[in-house]
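Below is one structure, written out as structure tokens, with a few remarks after it.
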Ligand SMILES: NC(=O)c1ccc[n+]([C@@H]2O[C@H](COP(=O)([O-])OP(=O)(O)OC[C@H]3O[C@@H](n4cnc5c(N)ncnc54)[C@H](O)[C@@H]3O)[C@@H](O)[C@H]2O)c1
């Protein structure tokens, strides 16, 4: 199969590319390297330093003729989306539409869009399923949802088949920190490098954490879906940031030094996903336990 992965130099995208190549697919990557890293690029994948917002991608789509497209390229920083909503709209909504439109015109079999359960459902007092009301509380979440609607539009306009995976908070090797990255990425990097971390709020905020190889597994399973569907992909466990700090401390066998700061704007307080539909239809279940996933992530950060 010939497969395009947008954002294939990034954290989740590069892990997905490696597995697709292991399974002997022909893989093409689009990435503008705004957050992705050259060192993540698999040498067996064909790489285009391309911007998803650019009209130049029309020609590449026509030439390459992809069977499947995984769309992961995105502006992922919630803080940037609050500070520069127009930019976030350009990349996450309009850039996504540019990809989906090309998928439709060029008769891609299925596009798998990586969306966000963590941000779309907002605060959840119980695990959110796919029917839970969408309550985005940041421009990032609004534009990811707009992209889902553009996908539906492309189904109407071009009969484009699609699968949306609404991910919980993903963690694992290659989640880089510098600017914004997931809390686990930041904390494991800091502890491995003996740097202090920042705890935003009092640590009672909760998230649903899913390991990157489990997400890759869900992506692969999504290619078998023949009708447009939306799935949540999470662990179903509400874990507080304080619990994360304690588990990281244990796994690293080190002191965890941090300072506390006020919570950032646009942050959800409690979030957990119900992924029963993915279990039922995709036969997907998360396999990696938090302790093991954190250990793998710390080991990777120590080697960097
Ligand atoms: N990491 C998480 O916890 C999480 C949770 C839910 C959803 N997601 C979604 O998963 C996807 C991948 O996220 P990630 O954590 O791997 O982030 P990432 O930043 O590592 O990957 C995104 C990639 O997209 C590229 N990119 C950004 N703008 C681009 C543009 N205009 N044109 C081409 N490439 C561009 C970046 O260079 C980067 O390599 C994103 O769509 C994100 O919204 C991530």
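Couple of notes before you dig in:
- With an a/c value of 1.5 or above and a/b larger than b/c for the gyration tensor axes a ≥ b ≥ c computed over the alpha-carbon atoms, the chain is described as prolate.
- Sequence-separation-based contact order of the range 1-93, relative, with Cα cut under 8 Å and 6+ spacing, percent: 33
- Helix 241-252 axis, angle to the chain major axis (alpha carbon atoms, nearest 10°): 80
- The range 1-106: C-alpha gyration tensor shape, a/c 1.5 cut-off, then a/b vs b/c: oblate
- Using a Förster distance of 41 Å, the FRET efficiency for residue 243-residue 67 (Cβ separation, nearest 0.05): 0.50
- Antiparallel content of DSSP bridges confined to the chain, in %, to 5: 5
- Convex hull volume per residue in cubic angstrom - Cα atoms of the range 151-240: 132
- Projecting label points 7 angstrom from Cα along Cα→Cβ for residue 250 and residue 195 puts them 2.7 nm apart.
- Seen against the Cα atoms of the chain and their longest principal axis, helix 183-192 is set at about 60 degrees.
- Highest average first, the peptides 51-64, 240-253, 205-218 ordered by how many other beta carbon atoms sit within 10 Å of their residues are 205-218, 240-253, 51-64.
- Sites residue 84 and residue 283, calculated FRET efficiency, Cβ-Cβ separation with R0 41 Å, nearest 0.05: 0.50
- Packing, taken as the mean count of other beta carbons within 10 Å per residue, orders the peptides 149-157, 91-99, 10-18 from highest to lowest as 10-18, 91-99, 149-157.
- Spin-label pair residue 224-residue 131: with each label point 7 Å from Cα along the Cα-Cβ axis, the two points sit 2.6 nm from one another.
- Spacing of the two label points (7 Å from each Cα toward its C-beta) at residue 263 and residue 23, in nm: 3.8
- In degrees, nearest ten, helix 11-22 long axis to first principal axis of the chain (Cα): 60
- The mean of 1/r over all distinct Cα pairs in the range 103-214, once inverted, gives the Kirkwood hydrodynamic radius of 16.2 Å.
- Selected from 294, 133, 33 as most flexible by GNM, with the chain as the system and alpha-carbon contacts under 10 Å: 133
- Across the range 151-304, Cα pairs under 8 Å and at least six residues apart give a relative contact order of 35 percent.
- Rounded if a/c under 1.5, otherwise prolate or oblate - the range 143-295, Cα gyration tensor axes: prolate
- Value of relative contact order over the chain, rounded to a whole percent, pairs C-alpha under 8 Å and six or more apart: 19
Every read-out reported here was derived from the displayed coordinates using simple, explicitly stated rules and does not represent laboratory data. None of the values given here were measured: they were computed from a predicted structure. Reconstructed Cβ throughout: ideal geometry from the backbone, glycine too, with neighbour counts over all protein chains shown.
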